[in-house]
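The values are calculated or read from the model by the stated rules, or taken from the named source; none is laboratory data. Just so it is clear, the structure is predicted and the values come from calculations on it, not from any experiment. Neighbour counts are summed over all protein chains in view; Cβ atoms, including those assigned to glycine, are modelled from backbone coordinates with ideal geometry.
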Amino acid sequence: MKKFLLIALALLAAAAFALPAFAAELRIAQVADISSLDPHKVSDIYSANVIRQIYSNIVQVDERMEIVPDLAESWENPDDLTWVFHLRKGVTFHNGDPLTAAAVKFSLERIKDPATASPGATHLREVASIEALDEHTLKLVTKRPFAPMLMSLTRYETSVVSERAVKETGADYGSKAAVGTGPFKFVNWSRGDKVTLEKFDGYFRGPAPLDTLVYRGIPEDATRLVELESGGVDLIPGNFPNQDFASVKDSGKFLTYQTPAMSTLYMGLNTEIEPFGNKLVRQAMNYAVDKQAIADAIYFGFGAPARGPLSPVIWGFDPTREPAYSYNPDKARELLKEAGFPNGFDMTIFSDNRTERRSAAELIQAFLAEVGIRAKVELMEWSALLSTSAKGIGGAFMLGWTGTGDADGGMTPVYHTANIGSSNRFRYSIPALDALLEKGAATLDQAERRKIYAEAQQLAVDECPLVFMISQELLGASSKKVQGFKLYPNMISPLYGVTVAK
């Protein structure tokens, strides 16, 4: 009898250990819905955040924006043009296919293929050949020395996708399927509502502590905050309502996160639309807008007037720069008169519906009115704004750019002529700037590179195919149940390792 009792107790204990663990779910609020989960076809931060959880890269960055291994365990440069990456063994895609050098080659060639029309192609523009030396060794050869190669490979646009999934799904890849080797796998995207991911037990670093991630696009600041306070979401990983951050932090009810951002916010100008092809008009618009007033009124001091095209936290930023175009409405009127527009002109500012972008557009509208420029603000859905501005929008547009942790990624995608039609939404060609950006990328001496990018920054400010606005500070908040979250300066934070207390 005693023996039977011991056996019964042992069976009960085993059954208890066999019970499924508590299903840990993290609910994340973003400002907007994603546009796609095909990393080779997107250029927005909200898609990027979800993509970061699904896919892996050859290399990645940590929270200090330093290069760390990802799919490649190690790499070397036999010469100035050659990069050899040694891939991890035993890595599998979510569909069970093995990760091989040939699979990585497929992804990189897909990005470079003009038929893909990938915004990420600019990051691989100097790659001349891609070769799988064996199952786990990949060789890249560049056309010339390419200093930002590793940083370019950390971008979400260069994520490694499953060849079989891409070919089987076709045009629906990114909406009905998204297959990578990351810690979470795609479950469902309910457009306009949420994206659901679940942990991938076969992840090469081991299964994530969280079982499920749910991303929700919530454009209204007040609604995101109410959702956090009521427990409807657990984490707002950036784009926290600036006006509420201090009070939420002081309340002690939540964990808060704060870091300088790599991103810069701007009002872009389609220079193919008159009169934005006229540099004097563009300069006048820059002088007409009080950026400090926008930083104070819209961002509540969590930001500063931009000092050029790069954020101060990006390598290559010129620290001697002053804010680009101090507020000077008289100078603006003088330049408009010189440009042939003494009575101003009519224009449209396109923005998505998030609070700070819409409010900034309306404040810019008021500043422009003071110098005779009559602007109307037109709101667009986020993905429509992205796609339309890439093709050439009918006026100005409110956007931002993060890039990589290197000046090349911060400038080349948005300013180089080769990227007109994708990430160069200004549709403006500046041959002298193209030459500087190409020279900077090909220069291996870091001190010399800094000089080149300092010159490039000044030229971009002089030509100003945009109205420079704000270098942002990233703000986030979460329930105290959330542990292990880190807010990355590039606004793309990995959630592997994050936990939610029961």
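Scanning the stretch 201-223 for residues that are aromatic (Phe, Trp, Tyr) and either in contact with a Pro (Cβ under 6 Å, 6 or more places away or on another chain) or under 26 Å from residue 244 (Cβ atoms) (or both) returns 203, 215.
For the stretch 230-246, does any single residue satisfy the condition of being surrounded by fewer than 24 Cβ atoms within 10 Å (Cβ to Cβ), hydrophobic (A, V, I, L, M, F, W, C) and within 30 Å of residue 366 (Cα to Cα)? Yes - at least one qualifying residue is present in the stretch 230-246. Based on this model, can you work out whether residue 433 counts as modelled with pLDDT of 95 or more, crowded, with 17+ Cβ neighbours inside 10 Å, aliphatic (A, V, I, L, M) and in a loop (DSSP other than H, G, I, E, B)? Here the answer is no, as residue 433 does not meet what is asked.
When you go through 287, 299, 327, 266 one by one, which is the residue that is part of a strand (DSSP E or B), assigned by TED's automatic domain parsing to the domain that holds residue 448 and of a type outside the set (A, V, I, L, M)?
Answer to the selection: 266.
Look at (1) under 18 Å from the mean Cα position of the chain (by Cα); (2) within 30 Å of residue 427 (Cα to Cα); (3) not in a strand (DSSP E or B) and you find that residue 240 fails only one, number (2). When the stretch 175-198 is filtered for residues that are modelled with pLDDT under 95 and either buried (at least 16 other Cβ atoms within 10 Å of the Cβ) or closer than 19 Å to residue 158 by Cβ (or both), nothing remains. Against the conditions (1) buried (at least 22 other Cβ atoms within 10 Å of the Cβ); (2) among the aliphatic types (A, V, I, L, M); (3) at pLDDT 95 or above, residue 454 satisfies every one except (1). Could you list, in sequence order, all residues of the stretch 125-180 that are of a type in the set (A, V, I, L, M, F, W, C) and without any contact (Cβ under 8 Å) to a residue 12 or more places away in the chain? Passing the criteria: only 171. Residues considered: 223, 196. Of these, the only one that is of a type in the set (S, T, N, Q) and in contact with a strand residue (DSSP E or B) (Cβ under 7 Å, 6 or more places away or on another chain) is 196. In the set 392, 409, only one residue is more than 20 Å from residue 270 (Cα to Cα) and out of contact with any Phe, Trp or Tyr (no Cβ under 8 Å at 6 or more places or on another chain); that residue is 409.
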